[in-house]
Amino acid sequence: MAPPSPPPASPPGPPAASPADRRGVLRVSRSLAIPLDELRWRFTTGGGPGGQHANKASTRVELTFDVAASPSLGPRQRARLLEELGATVRVVAREHRSQAQNREEALRRLAERLAEALRTRTPRRPTAPTRAARERRLEDKRRLGERKRERARARSGREW
């Protein structure tokens, strides 16, 4: 009787998380999920060198999202995205040899761009220089002026 075979080895590390979940939704943030049927896909051959595979396989992925016409965006989200990114957002992925990997990459990039555009930035609060900083600056100016005056004195004392 042969010993039982070991279980198949799983690839090292955690499984790669896809930006799109099993329900066909692109999860951008906690408050925004875009159904995949709102996205327009286009597949073309990736130009450049690569021989027969590059010339025949449509692995380049172009993903377009129409911000203006999307029903899944709220009014504030739509206004923010229109202001930051425009009426349509286009993402291209062609790094990988397989179309499936380029699809995942395009979805990840789109989610990243939308999330970054929706992120509210805290405005910079202008601050005045401290008293010590002003004094240091003035002391540095005095020292530099003195150094220049010393150079002028040393130069005028020379004979050519």
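Could you list all residues from region 73-83 that are over 16 Å from Arg113 (Cβ atoms) and outside any helix (DSSP H, G or I)?
Listed by number, the list holds a single entry, Gly74.
For the structure I just gave you, tell me whether Ser72 is surrounded by fewer than 15 Cβ atoms within 10 Å (Cβ to Cβ), closer than 17 Å to Ala111 by Cα and touching a residue at least 40 places away in the same chain (Cβ under 8 Å).
Answer is yes for this residue.
Among the residues in region 113-127, are any of a type in the set (D, E, K, R), in a loop (DSSP other than H, G, I, E, B), under 18 Å from the mean Cα position of the chain (by Cα) and more than 28 Å from Ala54 (Cα to Cα)?
Yes, the conditions are met somewhere in region 113-127.
Checking the structure you have, find out if any residue of region 51-60 is crowded, with 18+ Cβ neighbours inside 10 Å, outside any loop (DSSP other than H, G, I, E, B) and of a type outside the set (D, E, K, R).
no
Okay, residues lined up against (1) crowded, with 16+ Cβ neighbours inside 10 Å; (2) β-branched (Val, Ile, Thr); (3) free of Cβ contacts under 8 Å to residues at least 12 places away in the same chain:
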| site | (1), (2), (3) |
| --- | --- |
| Arg90 | no, no, no |
| Arg109 | yes, no, no |
| Thr122 | no, yes, yes |
| Ala128 | no, no, yes |
| Arg136 | no, no, yes |
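Do you know which of the residues in region 75-86 that are surrounded by fewer than 14 Cβ atoms within 10 Å (Cβ to Cβ) and charged (D, E, K, R) is nearest to Val25 (Cα to Cα)?
Kept after step one, since they are surrounded by fewer than 14 Cβ atoms within 10 Å (Cβ to Cβ), are these residues of region 75-86: 75-76, 79, 83, 86.
Okay, now just the ones that are also charged (D, E, K, R), so 76, 83.
Details: Arg76: 20, Glu83: 24 Å.
In this case the residue turns out to be Arg76.
Readers should treat all values here as calculations from the given coordinates under stated rules, not as data from a laboratory. If you're wondering where the values come from, they're calculated on a predicted model, not measured in any experiment. All Cβ positions, even for glycine, are placed from backbone atoms using ideal geometry, and neighbour counts span all protein chains on display.
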